[in-house]
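**Q** Quick one: structure below, then a few questions.
Nothing in this text is a laboratory measurement; each read-out follows from the coordinates by a stated rule. What you are looking at is a predicted structure, and each value in this text was computed from that prediction instead of being measured. Using ideal geometry, Cβ is built from the backbone for each residue, glycine included, and neighbour counts are taken over all protein chains shown.
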Amino acid sequence: MTSRREFITRAGAALGAGMVARSALAALPESPSIDSAAMQPPLIPHAGRPYNPVVTLNSWTLPWRMNNGWKEFHLTAEPVEREMAPGMTARLWGYNGQSPGPTIECVEGDKVRIFVTNKLPEHTTVHWHGILLPSGMDGVGGLSQPHIPAGKTYVYEFQVNHSGTFMYHPHADEMVQMAMGMMGFLVVHPKDINFMKVDRDFCFLMSGFDIEPGTMTPRVNTMLDFNLWAWNSRVFPGIDHLVCGLGERVRVRMGNLTMTNHPIHIHGLKFEVTGTDGGWVRPEARWPEVTSDVAIGQMRAIEFDADAPGDWAMHCHKSHHTMNAMGHDVPNMIGVDQRVVQDSLRKLLPGYMMMGERGMADMGEMVMPLPDNTLPMMTGTGPFGPIEMGGMFTVLKIRENQAPDDYSDPGWYQHPPGTVAYEYKP
Ligand SMILES: [Cu+2]
């Protein structure tokens, strides 16, 4: 038997040596979970140092508790179901009920303790991408720690000494676990609440999935040919709009955990990259952009003044990344008169439909017979008709009368008379 006094002393010694305080396991914090893909309001800090919280598209921030000067979080790695857009749900792996996992927010100088419970069928670890910490807390299975076996809980403890935009993901059976959607955001706010202060601070992670139309589970061996390009495991038209008030200063933090780069383009305004995984970019080192390439494994924080009211497209500029599953592997039939072959094809493929003779725009409107649980290759409807998009596409809505903390959808932009492109009529 150990006395309570010895127990506390040993725990203290372990902490002093930068090791895991096993005593902490005695009082696991709650591991809250959500089953919805709806954007949750910013989590206003209830204790500890004050900060301006972020808003995670189609996701949420993990609640925490203070315990003797430590900010404690509890992540549970587990299989989840994620609605990727209305009409399509995927069976993924994630944290606390969803993929991606909840955003973890803390403040420069915080001592952070993160409990990780593994409810996956195999071992895992968590790597804190971009955080400067003791080597043994870096989460590389086999290299810096033993893997977390299924059913076990491990504890990570470190002090965050630099603010910025980071992420977390497994460093164990990575090809499978990342292809299944295991990732999350980690934001370290500056100690000075006025440093780099903005009016709205959005974040999302990019992921790629290969899910055969009609099925629910990603193929995990795919290296390049993904068919669903997602922001926070959502695809257009399922991705939250970014709603801003006219004149506000806005930050968007984006992380890329896919297998390719994504040139993210915003219409209607110009922005600057103000942060990377390495920290904040000095003002004299920034330049104006309307597209910023986010390479694999990178984070980019961009900032802009929301100075132009309207509905502005925001999307990856790789045109295949704004298409959903059905757009891939379709042969080019432009200029081919398919009527000649249609009858013979129908004998082989009952229900075969001519497509793409004039291009594929018709598919944006067409109601095609699709297998259950997939999405048309291009979809979504705007005030003027089909938007013909999918994947990594959403709308930045800048409105004159959007109240400061209101993230609700203001509807489509009402264009002032005489400001919409019109048909030429001689
Ligand atoms: Cu892309």
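**Q** Please list log₁₀ I(q)/I(0) at q = 0.15, 0.16 Å⁻¹ for the stretch 171-327, using the Debye equation with identical point scatterers on the alpha-carbon positions.
**A** Per q value, in the given order, log10 I(q)/I(0) is -0.84, -0.94.
**Q** Report the net charge of residues surrounding His171, where surrounding means a beta-carbon distance below 15 angstrom and charges are Lys +1, Arg +1, Asp -1, Glu -1.
**A** With Lys, Arg at +1 and Asp, Glu at -1, the neighbours total -4.
**Q** What do you get for chymotrypsin sites (Phe, Trp or Tyr not before Pro) in the stretch 382-426 restricted to DSSP loop and a cutoff of at most 14 other Cβ within 10 Å of the site's Cβ? Walk me through the numbers before you get to the answer.
**A** Numbers: sites: Phe384, Phe393, Tyr407, Trp412, Tyr413, Tyr422, Tyr424; in loops: Phe384, Tyr407, Trp412, Tyr413, Tyr422, Tyr424.
Passing both the DSSP loop test and the Cβ count: Phe384, Trp412, Tyr422, Tyr424.
**Q** Suppose the chain between Asn68 and Leu132 were pulled fully straight at 0.36 nm per residue; how much longer would it get relative to their current alpha carbon spacing?
**A** Working it through step by step, the gained length comes to 20.8 nm.
**Q** List the pair-distance distribution P(r) of the stretch 28-193, using every Cα-Cα distance, as the percent of pairs falling in each 10 Å bin from 0 up to the bin containing the longest distance, rounded to whole percents.
**A** All Cα pairs, binned at 10 Å, distribute as 11, 42, 36, 11, 1 percent.
**Q** Can I ask one more? Dipole of the stretch 23-120 (Lys/Arg Cβ +1, Asp/Glu Cβ -1, origin at the Cα centre): which of Gly87, Leu57, Ala77 lies farthest to the positive side?
**A** Positive-end residue among those listed: Ala77.
**Q** Taking the Cβ of Gly141 as the center, what net charge do the other residues with Cβ under 10 Å away carry, scoring Lys and Arg +1 and Asp and Glu -1?
**A** -2
**Q** List the residues whose amide H sits under 5 Å from the amide H of His127, counting only those 5 or more places along or on another chain, with H placed 1.01 Å from N in the peptide plane.
**A** Under 5 Å from the amide H of His127 lie the amide H atoms of His169, His171, each far enough along the sequence or on another chain.
**Q** Give me the tail of P(r) for the stretch 76-164 as a percent: Cα-Cα pairs with distance above 15 Å.
**A** When all Cα pairs of the stretch 76-164 are counted, 64 percent exceed 15 Å.
**Q** Of the listed pairs Lys191/Lys397; Lys318/Lys397; Lys119/Lys191; Lys71/Lys152, which have alpha-carbon separations greater than 26 Å here? Walk me through the numbers before you get to the answer.
**A** Numbers: Lys191/Lys397 31 Å; Lys318/Lys397 22 Å; Lys119/Lys191 34 Å; Lys71/Lys152 21 Å.
Check vs 26 Å cut-off fails for Lys191/Lys397; Lys119/Lys191.
**Q** Suppose every Lys and Arg Cβ carries +1 and every Asp and Glu Cβ carries -1, with no other charges. What dipole size does the stretch 28-193 come out with about its Cα centre, to the nearest 20 debye? Display every interim value, and only then the final one.
**A** Values: 10 positive and 15 negative charges, 51 e Å.
Roughly 240 debye for the stretch 28-193.
**Q** Separate question: On a full-extension model of 0.36 nm per residue, what is the gain between Lys119 and Ile44, subtracting their alpha-carbon distance, rounded to one decimal in nm? Walk me through the numbers before you get to the answer.
**A** Values: separation 75, 0.36 × 75 = 27.00 nm, distance 2.89 nm.
Full extension of this stretch gives 24.1 nm more.
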